[in-house]
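Q: Take this structure, written in C-alpha cells, and hold onto it; I'll ask about it next.
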Amino acid sequence: AAGRGDTIPAMSGTSLRFRLAGRQRWRLLVAGNILLATALLHGCGGAKEEDAPPAAKRFPSPLFDGLSLGMTRQQVAKVRPIRRTRSSSGRSHRIWIYDSPDGHSAELTFENDEPTSHLARIDVHFGRSGVSSDHYIKRFSRRFGEPDVTRRKAEINAYGDDRHDQFDTIWSDATQYVYLTERVSVSGKGRPVYYLSVKKKEITATGPPTGYVPPPPPEGSEEEESIF
C-alpha cells in the first residue's frame, strides 16, 4: 500500500476512457428508464380516460312550449296562459290546462296544489292530423336526438279501445321519458291522433319503457271536458 509520502500514480488514458464510458452508459440507462416510466404512466392515464363512462344524456331546456319538468306553477303561468280544471269537489290545483295558438292543447300535472309546486308531467294533445308519424318523429328527433324506440306497437293500449291501435316512439335522458303516441284506426279509416307526454323516470329500468301511460284524471267528474 502506498504511504502518505508516496506519489499516487496518474491514471492511464485507457482507464480514464473506460471510466468515462461506464458513466456515460449509466446516464443513458437512467435516462432510458425515466422515459419508459413516463410512457407507461401516460399509457395508463389514456386507458383510464377511455374507460371513463359517457356523460349522462340531458334534454335541452326548455323542453316543449317553453316548459320543462321541475318548473313551479308560478313560473309556468308566466310562460303559458294556464287555467285550472274543475271537478265536482271544486277547482283542482294539481292539473292545469292551456290551449296553444298552434292548435294543440296541453294538460300539466303538478306535485301538489301549492303555487310553488313543481311541474311533474306534461301531456300534449295535437288532435287529428293528416301528416304521417314521420313528420312528428323527425320534428322531435331534432330536439331530443335519436329515439330509443321508434313507432313500436304499445303493449298496453292506454285508451282501452279495440277499434284503434297505438304506436309509441320513445326518447329518454337521465331523468325523464318523452312519448310520442300515435292512435290509428284498425280499419285504416280516418286520420291518426297524436299525443306527446313528458314524465319523470320513477324507476330505474333495465329495458325500454313498455308504453304510454295516460295522465291521472282530476278527482270527481270534471265540469270542463278533459282534452284526453
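The values are calculated or read from the model by the stated rules, or taken from the named source; none is laboratory data. Source: prediction; values computed, not measured. Cβ coordinates were reconstructed from backbone atoms using ideal geometry, including for glycine residues, and neighbour counts include every protein chain displayed.
Q: I'd like the full set of residues that are surrounded by fewer than 16 Cβ atoms within 10 Å (Cβ to Cβ) and of a type in the set (S, T, N, Q), limited to segment 151-176.
A: Within segment 151-176, N157, T175 meet the criteria.
Q: Touching a residue at least 12 places away in the same chain (Cβ under 8 Å) and surrounded by fewer than 19 Cβ atoms within 10 Å (Cβ to Cβ): is that true of R73 in this structure?
A: no
Conditions tested, residue by residue: (1) assigned to a strand (DSSP E or B); (2) of a type outside the set (G, A, S); (3) at pLDDT below 85.
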residue	(1), (2), (3)
G70	no, no, no
W96	yes, yes, no
E114	no, yes, no
D134	no, yes, no
E146	no, yes, no
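Q: Is it the case that segment 175-185 has a residue that's among the charged types (D, E, K, R), farther than 18 Å from P62 by Cβ and out of contact with any Pro (no Cβ under 8 Å at 6 or more places or on another chain)? Steps first, answer last, please.
A: Looking only at segment 175-185, we keep the residues that are among the charged types (D, E, K, R), and these are 182-183.
Adding the requirement that they be farther than 18 Å from P62 by Cβ leaves 182-183.
Within this subset, residues satisfying the condition of being out of contact with any Pro (no Cβ under 8 Å at 6 or more places or on another chain) are none.
No, segment 175-185 has no match at all.
Q: Of everything in segment 113-164, what is in contact (Cβ under 8 Å) with a residue 60 or more places away in the chain and among the polar types (S, T, N, Q)? Give them in sequence order.
A: Scanning segment 113-164 gives S129, S133.
Q: Please state which of the following conditions F167 fails to meet, knowing it meets all the rest: (1) free of Cβ contacts under 8 Å to residues at least 12 places away in the same chain; (2) closer than 14 Å to Y194 by Cα.
A: (1)
Q: Quick check: anything in segment 114-130 buried (at least 16 other Cβ atoms within 10 Å of the Cβ), aromatic (F, W, Y) and under 22 Å from T72 (Cα atoms)?
A: The answer is no; no qualifying residue exists.
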